[in-house]
């Protein structure tokens, strides 16, 4: 058995890759025509596909190639071991092979933060009404990372406060989005100073500032 590429060391987890496995069958040549029947696997025998090769008079070797294609997973479960099991004219199991090495996880970083707010508008509400406004930040994380800790601060007053970076989120391996919600509560003032736009400022693992969002409209 042979495999190409021979190693995936240095490749990024999440990268698209095709792995080619090549089996070389060796037979004792004679003057007859013979068929070799076999099964092949790309996942260490958990599943198999059937195939066959015909040897013509005098042929001593013949090759058969098959492949795996996909994204290199962060848990290193693929590409798997590939090999063949000959079933006729006799039984023979090849030595399974796969590329050496492991893919490299992507750096842990926040690529962007999107914001939403509920309610989306306060139009039609009476001034003086008690209200809770919920702001939700969605952190978008680079795929195929090992995860880490996001440190950030949030604001509910259009950025005048909230830069203390005292909030944290723990992100697991391979996670690409995580949310965090915070609130403003109070009576809707007649001078329309609240509720104000809210958002977050990420300080670690990298600096990202979200847009600021708030309910539209005014109380009456």
- If we only count strands (runs of 3 or more DSSP E) wholly inside region 1-106, which ones have 1 or more residues that are under 28 Å from residue 148 (Cα atoms) and out of contact with any helix residue (DSSP H, G or I) (no Cβ under 8 Å at 6 or more places or on another chain)? 16-26, 61-71
- In region 165-174, what count of residues is obtained for those that are part of a loop (DSSP other than H, G, I, E, B) and surrounded by 12 or more Cβ atoms within 10 Å (Cβ to Cβ)? 3
- Task: Might you check whether a residue that is touching a strand residue (DSSP E or B) at 6+ places or on another chain (Cβ under 8 Å) and more than 30 Å from residue 10 (Cβ to Cβ) occurs anywhere in region 104-111?
- Result: no
- Message: Given the criteria crowded, with 17+ Cβ neighbours inside 10 Å and either closer than 22 Å to residue 112 by Cβ or in the same structural domain as residue 15 (by TED's automatic domain parsing) (or both), does residue 177 qualify?
- Response: no
- Over region 108-149, the set of residues closer than 16 Å to residue 172 by Cβ and part of a loop (DSSP other than H, G, I, E, B) is 108, 109, 142, 143, 144, 146, 147
- Note on the structure: Taking region 187-203 and the residues there that are part of a strand (DSSP E or B) and surrounded by 14 or more Cβ atoms within 10 Å (Cβ to Cβ), the one that is farthest from the chain's Cα centre (by Cα) would be 198
- Of (1) part of a loop (DSSP other than H, G, I, E, B); (2) in the same structural domain as residue 181 (by TED's automatic domain parsing), residue 152 fails just (1)
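The values are calculated or read from the model by the stated rules, or taken from the named source; none is laboratory data. It should be emphasised that the depicted structure is a prediction, and the values quoted were computed from it without experimental measurement. Reconstructed Cβ throughout: ideal geometry from the backbone, glycine too, with neighbour counts over all protein chains shown.
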